[in-house]
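Below: the structure, in structure tokens.
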Amino acid sequence: EEGRFTVCSVGAGYVGSLTSIILAAQQPNLRVIVCDVNQNLINSWNDQRYPFYEPDLDKQFDIAVNKNKNIKFTTKITEAIQESDAIFICVNTPPKKESREGLGRESDMTYFDMACQTIASMGDPKKHRILIEKSTVPVGTHKRIHNILSQNLANPDDCYTIVSMPEFLAEGVAIQNLLFPDRVVIGTPTDKNGMEAFEVIKGLYTNFDTNFIHVRTASSELGKLFANAMLAQRISSINSMSQLCETVGASVQDLSKIVGSDKRVGPLFLNASPAFGGSCFEKDIQSLVYILESLGQTQQAMYWSQVLYMNQFQKTRLLNMIVQEFQNPTDTILTIFGFAFKKNTSDTRMSPMAFFVYGLIEKGFHVRIHDPQANERGFQIEMEMQGFSIAEKLNFEFCGSDYSKAVKDSNAIIIGTDWDEYITTNYRNMRDQMNNDKALFFDLRSIIDQQAINFLGFEKVFKLGN
Ligand code: NAI
């Protein structure tokens, strides 16, 4: 194994594992080590049990693990770093929970700093390594890393070149995104070490058809925050039109078509929804807003806060609309279709549906949750994040992928996630199993054929943005 270029990912979550698996599958001569402090997670990778659902992952995993045999998963982090020429830090960087300043907004760098400390302790001037920040981090983090390294090492620059390489994968299409990235952004120092690091990293991508954007480190760090802010802004913008469409008889899908066919705008990522969710958008905008505020750029901070404000408003508006339709919550069963934060993933982190389930249970409704892939554990974690104690109240049932259990005697279907199967499923059949007297239909993703559903005997069919 000596002499083979070796990379390791610190963090075996979505980003660390998926980027590593794709690198190992595409570059047979590379050695790839994925490490994590979470023993259960490492066990599940080693037992070939995927810790989450991601389309097309199995094929790439099989190539890496069984054909190339160039990847390993381990909890031995120092050993992994020791053996590596390049280290990707892929740990979680959630919003701060505990300190008063920056609460819920500033990125919590605890895990990131811990990883850096471990890496610092392995510094060796005889083996110069590339240290890559792949986690999404506040702009300026390269200086933070340098400080941490300096506390442990006399000459950190002899041991490590610090590089920023943000990850742009989207869950649900992660494998395609990683195989055919729109771009690979590499932020390095402008000195000789930086240039060398850029060339080495480019070498890792020889089998990928992509273009490289080589910039200074701060641009790369900030570019990722801005990218997510811009993507989220598109969703808030289209969402801000949904109620107006409902009021004046326009259709929000038509608006997406009209605006999205302008090449300057582009058609993707313009669907109305109950909100954007997922572990990234909200926290990354919070982080951006926090950075702007701390630098006294209040107007700019307010501008981006509005993206979050609209996101929250849409959820509240739609929840209230549903609640108003029912006089006796305690006698009412509501079925939520989809708890993953979007289609084609089992990820429920920051799912907008957690807000709905919580709000409905609080009002006394009995809630059932259906999802083709999300699991009950993820559901519980999200509900607890909403301040909900699972032990206290039992006024819900998590039905997994069991349609019959989810809709039996129910008074409403609420589509919360845009899974394809919620477009094609047999709603005539569902209606027959639902409450005989009163059943309503709320499509919060604007995906159904309203004409067709209208004929099935629902008292009301609501489609977001018409
Ligand atoms: P995750 O929570 O799935 O995985 C992070 C992993 O890091 C966890 O398994 C955790 O146990 C591990 N970890 C924490 N501290 C560690 C340490 N000191 N040593 C070793 N392992 C440690 O998080 P995810 O979703 O992979 O995100 C990671 C980063 O990538 C975040 O900064 C996120 O913002 C960013 N990102 C996430 C994307 C996504 O779609 N999930 C897309 C692009 C960027």
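The numbers here are math on the coordinates, done by the rules we state, and not lab data. Predicted, not measured: the structure shown is a model, and the values here were computed from it. For neighbour counting, all protein chains shown are included, and Cβ atoms are generated from backbone atoms with ideal geometry for every residue, glycine included.
Which angle between 0 and 90 degrees, to the nearest 10, do you get for helix 376-385 versus the longest principal axis of the chain when only C-alpha atoms count?
Helix 376-385 and the main axis of the chain meet at about 90 degrees.
Compute the Cα gyration tensor for the chain, then decide on rounded, prolate or oblate, letting a ≥ b ≥ c be the square roots of its eigenvalues: rounded whenever a/c is under 1.5, prolate when a/b is larger than b/c in the other cases, and oblate in all that remain.
Details: a/c = 2.04, a/b = 1.79, b/c = 1.14.
Prolate, since a/c reaches 1.5 and a/b exceeds b/c.
Greater than 26 Å separation of Cα atoms is the criterion. Which listed pairs, Lys143/Lys283; Lys257/Lys363; Lys59/Lys263; Lys134/Lys283; Lys202/Lys224; Lys72/Lys96, meet it? Mind dumping the intermediate values first?
Working: Lys143/Lys283 21 Å; Lys257/Lys363 37 Å; Lys59/Lys263 34 Å; Lys134/Lys283 16 Å; Lys202/Lys224 19 Å; Lys72/Lys96 32 Å.
Distance filter (> 26 Å) returns Lys257/Lys363; Lys59/Lys263; Lys72/Lys96.
When the chain is fully extended, how far beyond the present Cα-Cα distance does Arg264 get from Thr75, taking 0.36 nm per residue of separation?
Details: separation 189, 0.36 × 189 = 68.04 nm, distance 4.64 nm.
Using 0.36 nm per residue and subtracting the Cα-Cα distance, I get 63.4 nm.
Quick check: the angle from helix 352-362's long axis to the longest principal axis of the chain, C-alpha only, nearest 10 degrees?
Computed tilt is about 50 degrees.
Compute the Cα gyration tensor for the stretch 13-149, then decide on rounded, prolate or oblate, letting a ≥ b ≥ c be the square roots of its eigenvalues: rounded whenever a/c is under 1.5, prolate when a/b is larger than b/c in the other cases, and oblate in all that remain.
Working: a/c = 2.17, a/b = 1.38, b/c = 1.57.
It is oblate, given that a/c is not under 1.5 and a/b is not larger than b/c.
With the cut-off at 1.5 for a/c, could you classify the stretch 55-97 from its C-alpha gyration tensor as rounded, prolate or oblate? Intermediate results must be reported in sequence, preceding the final value.
Numbers: a/c = 2.88, a/b = 1.32, b/c = 2.18.
Here the stretch 55-97 falls in the oblate category.
Taking the Cα atoms only, what angle lies between the long axis of helix 110-121 and the longest principal axis of the chain, rounded to 10 degrees?
That helix lies at roughly 20 degrees to the long axis.
Got the relative contact order for the stretch 67-151 handy, in percent, Cα pairs under 8 Å and 6 or more residues apart? Each step should come with its number before you reach the end.
Values: 81 pairs, mean separation 29.1, N = 85.
So the answer I get is 34 percent.
Counting pairs of alpha carbon atoms under 8 Å apart in space and at least six apart in sequence, what relative contact order in percent does the stretch 6-210 give? The partial results should precede the final answer.
Details: 351 pairs, mean separation 41.2, N = 205.
Contact order relative to length: 20 percent.
Let me check against my output: what whole-number percent is the relative contact order of the stretch 222-466, with C-alpha pairs under 8 Å and at least 6 apart?
On the way: 432 pairs, mean separation 49.7, N = 245.
Dividing the mean separation by the residue count of the stretch 222-466 yields 20 percent.
Can you list which of the chymotrypsin sites (Phe, Trp or Tyr not before Pro) found in the stretch 421-456 are DSSP loop residues with at most 16 other C-beta atoms within 10 Å? Before the final figure, lay out each step's value.
On the way: sites: Tyr422, Tyr427, Phe441, Phe442, Phe455; in loops: Phe455.
Here the sparse-neighbourhood loop sites are Phe455.
Quick check: residue separation of Gln380 and Asp58 times 0.36 nm, minus the Cα distance between them. What number comes out in nm? Show your work: numbers first, answer last.
Values: separation 322, 0.36 × 322 = 115.92 nm, distance 2.67 nm.
Separation in residues times 0.36 nm, less the Cα-Cα distance, equals 113.2 nm.
³J(HN,Hα) across the stretch 248-262 via Karplus (A = 6.51, B = -1.76, C = 1.60, θ = phi - 60°), whole Hz, x for Gly/Pro?
Rounded to whole hertz, the list is 9, x, 8, 10, 5, 5, 4, 4, 4, 5, 4, 6, x, 7, 6.
For Ser256, Ser84, which order do you get if you count the other beta carbons within 10 Å of each Cβ and list the fewest first?
Details: Ser256 22, Ser84 25.
Sorted ascending by nearby Cβ count, the order is Ser256, Ser84.
Could you list the trypsin sites (Lys or Arg not before Pro) in the stretch 366-466 that lie in coil according to DSSP, counting only those with at most 12 other Cβ atoms within 10 Å of their Cβ?
Numbers: sites: Arg368, Arg377, Lys393, Lys405, Lys408, Arg428, Arg431, Lys438, Arg445, Lys460, Lys463; in loops: Lys393, Lys408, Lys438, Arg445.
Sparse-neighbourhood loop trypsin sites (Lys or Arg not before Pro): Lys393.
If you wrap a convex hull around the C-alpha atoms of the stretch 379-448 and split its volume per residue, what is the figure in Å³?
Values: hull volume 7.8 nm³, N = 70.
Per residue, the Cα convex hull of the stretch 379-448 comes to 111 Å³.
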